[in-house]
Every structure is written in structure tokens, then in C-alpha cells.
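Shown next, in C-alpha cells, is the structure this report addresses.
The values are calculated or read from the model by the stated rules, or taken from the named source; none is laboratory data. Not measured: the values here are computed from a predicted model. Positions of Cβ are generated from backbone atoms using ideal geometry, with glycine treated the same way; all protein chains shown enter the neighbour counts.
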Amino acid sequence: MADAIWKEYELFCPVCNATFKQLVVLHKVPKNFDITPYLAGFVENHDHKAWQEAQRQKAQSGGSGGEPQS
């Protein structure tokens, strides 16, 4: 995959009222490729309920999510 381009996009979900990052691998796409509808599909299809539940649990635990809990 030497020709692949890895890009990270920060997307906003109006349902969750939050931003999240999505890593996208672009491999052999035309130069005039419009990525907007592709990224909109990520926002539309991500699991809103699971995202909101994870954020709620994160807020209750008071952690940043990256720290081990004892």
C-alpha cells in the first residue's frame, strides 16, 4: 500500500452534538474525488447511542479515557 494516503478528519455529529476523529485511508482515488459525501456517511452511520453512552460513562468516572482505572 505504498500509494495509500492516510488522513485524519475531525467530524461533527449534530445528533450527538460532538466531534470525533476518523482515520481514512485513500488508495488510488482520482484527483477530483469529492470526499465530502464519504465523510458524511461516517457521521450518519456511526453508532450515536454507543457514542453518547461512552461519553456519559466517561463523565461519570471523571477520567479522560486514556488512564487505567484502579
At pLDDT 90 or above and surrounded by 10 or more Cβ atoms within 10 Å (Cβ to Cβ): does that describe Leu39?
yes
Discussion item. Kindly evaluate Val24 against the criterion of being modelled with pLDDT of 85 or more, part of a helix (DSSP H, G or I) and of a type in the set (Val, Ile, Thr).
Written reply: no
